[in-house]
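Step one of this worksheet: look at the structure below.
The values are calculated or read from the model by the stated rules, or taken from the named source; none is laboratory data. Note that the structure is a prediction, hence the values are computed from the model and not measured. Note that each Cβ is placed from the backbone with ideal geometry, even for glycine, and that neighbours are counted across all protein chains shown. Note: areas computed on protein heavy atoms with side chains; ligands, DNA, RNA excluded. Shrake-Rupley method; radii C 1.70, N 1.55, O 1.52, S 1.80 Å.
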Amino acid sequence: MYPAGFEYFAPATLEEASSTLERFEGEAKVLAGGQSLIPLMKLRFAAPQALVDLNRIPGLDGLAEADGALHIGALVRHKTCERSDLLRGRYGALGGAAPLISDPLVRNLGTVGGSLAHADPQGDWGSVMLAVGAKIVAVGPAGTRTIPIEEFFQGPFTTALEPAEIVTEVQVPDPGPRAGGTYLKLERKVGDFATVGVAVHVSLANGTVGRAGIALTAVGPTNLKATAAEEALEGTDLGEDAIRETARLAAEAAEPRSDVRGSAEYKRNVVRVFTERGLRAAAETARKGGR
Ligand SMILES: Cc1cc2nc3c(=O)[nH]c(=O)nc-3n(C[C@H](O)[C@H](O)[C@H](O)COP(=O)(O)OP(=O)(O)OC[C@H]3O[C@@H](n4cnc5c(N)ncnc54)[C@H](O)[C@@H]3O)c2cc1C
């Protein structure tokens, strides 16, 4: 099916992009990689009056560490993350997720910013960013603001963004030298959305867990932060007992539904098993100094 008619804008600045969005009063959409928006338009589940294409705005595709954080520009593609050496070890939750997103065609065009703005509960980046405690930087008519990731997802396909706000970058705080993380995903076949995904991250301080991040994909109305599990792990020595108890609590935090991908009970058990496996891998990396 062809999409409904729409106007197309390719602004050269963020100000121009934001004012164009504002002019359409919620009836225009940002276009980044188009990997979610275009299929929705072709199915006529979305029929925006206008598209505001970000791809000609310079400076949105940087991926670098600076000022105590990793900065991921809104137009950084999944493929760039997959190939980045920076996203291994200490940032292993990010590097682990990137190659598991769909297939090479989608990864070539799809963006981290677009994935987060789309807020699909089956999206992989949402859980990763919850686990690493990211912040979303957005610019709009009222200026620039920073939104903690815990406040960003408000429901399925719904975020804290105002209609004329644009995500410009994602910031991941430096986890320190003794940190590690990973992302584990169960999919029916390569390239599929997750049946279950689990993102884990740990930072060690004086031999115990200083900060733990655990978040779940496809087992709730949004990506879910397993807060009780994180709290149970913090302060422990990351030993087997602590890992097992944390995994039990993560499984308890899941809100899975039975569907063609599996029963709720099965998915909950996958959360438990993946949390255990993920934490063992993260512990090994963290103890080796994030390498
Ligand atoms: C076949 C297929 C399989 C897929 N499998 C997976 C998978 O396994 N895991 C996974 O996580 N994802 C998967 N995806 C989704 C993919 O990752 C998309 O790339 C991603 O969800 C959206 O990123 P995008 O840059 O393409 O955004 P677009 O499609 O351009 O936009 C998506 C939405 O976000 C908004 N938006 C985009 N950028 C911004 C911004 N900077 N500021 C404000 N709003 C913005 C748009 O207005 C739109 O509403 C799949 C997609 C396809 C087509």
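Listing for the model above:
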| item | result |
| --- | --- |
| Residue 265 over 18 Å from the mean Cα position of the chain (by Cα), within 27 Å of residue 176 (Cα to Cα) and open to solvent by 30 Å² or more (accessible area, probe 1.4 Å) | no |
| Segment 77-90, residues that are within 13 Å of the chain's Cα centre (by Cα) and assigned to a helix (DSSP H, G or I) | 78, 81 |
| Tally of residues being part of a strand (DSSP E or B), in contact with a helix residue (DSSP H, G or I) (Cβ under 7 Å, 6 or more places away or on another chain) and open to solvent by less than 10 Å² (accessible area, probe 1.4 Å) across segment 141-166 | 1 |
| Pairs, first farther than 16 Å from residue 78 by Cα and assigned to a helix (DSSP H, G or I) in segment 32-44, second open to solvent by 50 Å² or more (accessible area, probe 1.4 Å) and more than 9 Å from the ligand (Cβ to nearest atom), C-beta under 6 Å, six or more apart | 42/1 |
| Scan of segment 1-37 for residues that are near the ligand (Cβ under 9 Å from one of its atoms) and open to solvent by 60 Å² or more (accessible area, probe 1.4 Å), ordered by number | 29, 35 |
| Exclusive hit being small (Gly, Ala, Ser), part of a strand (DSSP E or B) and in contact (Cβ under 8 Å) with a residue 12 or more places away in the chain, set 4, 12, 64, 47 | 64 |
| Single residue of segment 45-74 satisfying the filter (more than 12 Å from residue 169 (Cα to Cα) and exposed (fewer than 14 other Cβ atoms within 10 Å of the Cβ)) that is farthest from the ligand (Cβ to nearest atom) | 68 |
| Which listed residue is charged (D, E, K, R), open to solvent by 20 Å² or more (accessible area, probe 1.4 Å), over 21 Å from residue 175 (Cα atoms) and assigned to a helix (DSSP H, G or I), from 231, 284, 276, 252 | 252 |
| Members of segment 105-135 found to be more than 9 Å from the ligand (Cβ to nearest atom), open to solvent by less than 40 Å² (accessible area, probe 1.4 Å) and not in a helix (DSSP H, G or I), listed by number | 121, 133, 134 |
| Where residue 149 falls short, out of the listed (1) more than 13 Å from the ligand (Cβ to nearest atom); (2) on the phi > 0 side of the Ramachandran plot; (3) under 11 Å from the mean Cα position of the chain (by Cα) | (2) |
| Residue in segment 156-189 that is modelled with the highest pLDDT, counting only those that are small (Gly, Ala, Ser) and within 14 Å of the ligand (Cβ to nearest atom) | 160 |
| Every residue from segment 136-145 that is farther than 20 Å from residue 118 by Cβ and within 14 Å of the ligand (Cβ to nearest atom) | 141, 144 |
| Members of segment 167-203 found to be assigned to a loop (DSSP other than H, G, I, E, B) and surrounded by 19 or more Cβ atoms within 10 Å (Cβ to Cβ), listed by number | 175, 178, 194, 195 |
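Matching residues to (1) touching a Gly at 6+ places or on another chain (Cβ under 8 Å); (2) aromatic (Phe, Trp, Tyr); (3) on the phi > 0 side of the Ramachandran plot:
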position: 251; (1), (2), (3): no, no, no
position: 256; (1), (2), (3): yes, no, no
position: 263; (1), (2), (3): no, no, no
position: 272; (1), (2), (3): no, no, no
position: 279; (1), (2), (3): no, no, no
position: 283; (1), (2), (3): yes, no, no
position: 289; (1), (2), (3): no, no, yes
